[in-house]
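Everything on this sheet refers to the single structure shown next.
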Amino acid sequence: LARPDNPYRIDHSYFSYLYSPCVAMNNATGECKDEASVCQLFREVGLGHNYGTANSSGFRIDPETKQISIHYGYSEGNMSRGSSVDLVCDPGQKEEALFEYDGFDPFHLKFKLTSVCACPGGCPVTCSMKDSCTCDMSDGTGEINLHPLDNPWAPLRSSHLQPDLGRNFTYFYNPCSGLTFANTRCTNVSNCQVDTEAVPVIFYPLGHVAPESDPLFNQDDGSITLSYIGGDDGRHFDVKLICDPDQDVPEFTALGEPSRHYYYMTLKTRCACPGMCKNDPQARKARYLKWKASHPD
């Protein structure tokens, strides 16, 4: 329900009330520039009063009525304001949430938000694929974009000792544009398993360049899992994306083959965090030129 660019709006008397759940609204005025989720806008002069920041939000349950509400606060100097939004479950309110003004106390505004998303399990968070390595979070937090990691000339790599076989395999993974090892079966694939101990070395394609569908979002830890199919002899694999804002250098870890022809890996990176990375063709070109300089023909 997050709507930072187009907040829910109620025109009431001299004021308009704006609300952006989860994420602070953009293009706000006055105090509402300060990360506001709830804003009272004085329409005549275009001045915004902040009635709660996004990072102040907290859920409360009335012990008697069992009503669930989200409370917000804002303080500056000796002045404090607040607001609350009662959440009303309506399985039929699917298209757009209904936002209503519900009165006020001194320095406290009251609202109601009716939606299927106020029902337990009514609106699971999803991430819709935009291309082979970018998906858009349904909660409005932004997109997860792996384009800065795209490097077919020097893909991510990780080695793993497969206990049941007693030998090491090396895994190469490149999101977005895939990878190719010349004169092998690993041609235009997202991931390649290499048996370096075999003579000659054996290359196993593990999946198509693009994931098979929208990724799975884990509500508990906030991770995203990309699933790939189309590998050699039915091989397929999952990559769990782990958000770490401080992980500037991606950490790719292959965890082997838990079951026949199924492989599991993790990728910890800041680019797994919504809104932290974006596509930059110039940076991609620079990565290629850097690689080319160290690999002259």
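The values are calculated or read from the model by the stated rules, or taken from the named source; none is laboratory data. Everything quoted here is computed from the prediction, not taken from an experiment. Here Cβ is always computed from backbone atoms with ideal geometry, including for glycine, and neighbour counts include all displayed protein chains. SASA here: full protein model, heavy atoms, side chains in, ligands and nucleic acids out. Shrake-Rupley method; radii C 1.70, N 1.55, O 1.52, S 1.80 Å.
Some observations on this one:
- For the stretch 275-297, a residue qualifies if it is modelled with pLDDT of 70 or more, open to solvent by less than 80 Å² (accessible area, probe 1.4 Å) and of a type in the set (Lys, Arg), but none of them does.
- Filter result for Arg81 (of a type in the set (D, E, K, R), touching a Phe, Trp or Tyr at 6+ places or on another chain (Cβ under 9 Å) and open to solvent by less than 60 Å² (accessible area, probe 1.4 Å)): yes
- In a residue-by-residue description of the stretch 37-48, the property of being of a type outside the set (Phe, Trp, Tyr), open to solvent by 80 Å² or more (accessible area, probe 1.4 Å) and within 30 Å of the chain's Cα centre (by Cα) applies to no position.
- If the condition is being over 20 Å from Thr269 (Cα atoms) and not basic (Lys, Arg), then the stretch 210-255 contributes Glu212, Ser213, Ile229, Gly230, Gly231, Asp232, Asp233, Gly234, His236.
- Note on the stretch 123-143: among residues that are among the hydrophobic types (A, V, I, L, M, F, W, C) and within 29 Å of Val189 (Cβ to Cβ), the one that is most open to solvent (accessible area, probe 1.4 Å) is Met129.
- Qualifying residue in the stretch 262-274 (condition: open to solvent by less than 50 Å² (accessible area, probe 1.4 Å) and more than 29 Å from Phe203 (Cβ to Cβ)): yes
- Among the residues of the stretch 145-166, none qualifies, meaning not one is open to solvent by 30 Å² or more (accessible area, probe 1.4 Å), in contact with an Asp or Glu (Cβ under 8 Å, 6 or more places away or on another chain) and assigned to a loop (DSSP other than H, G, I, E, B).
- Residues in the stretch 194-242 that are open to solvent by 60 Å² or more (accessible area, probe 1.4 Å), at pLDDT 95 or above and in contact with a Pro (Cβ under 9 Å, 6 or more places away or on another chain): Ile229 alone.
- Residues in the stretch 54-90 that are among the hydroxyl-bearing types (Ser, Thr, Tyr), within 20 Å of Tyr101 (Cβ to Cβ) and in a strand (DSSP E or B): Ser69, Tyr72, Tyr74, Ser83, Ser84.
- Subset of the stretch 92-122 [in contact with a Ser or Thr (Cβ under 7 Å, 6 or more places away or on another chain), under 16 Å from Ser20 (Cβ atoms) and open to solvent by 20 Å² or more (accessible area, probe 1.4 Å)]: Leu98
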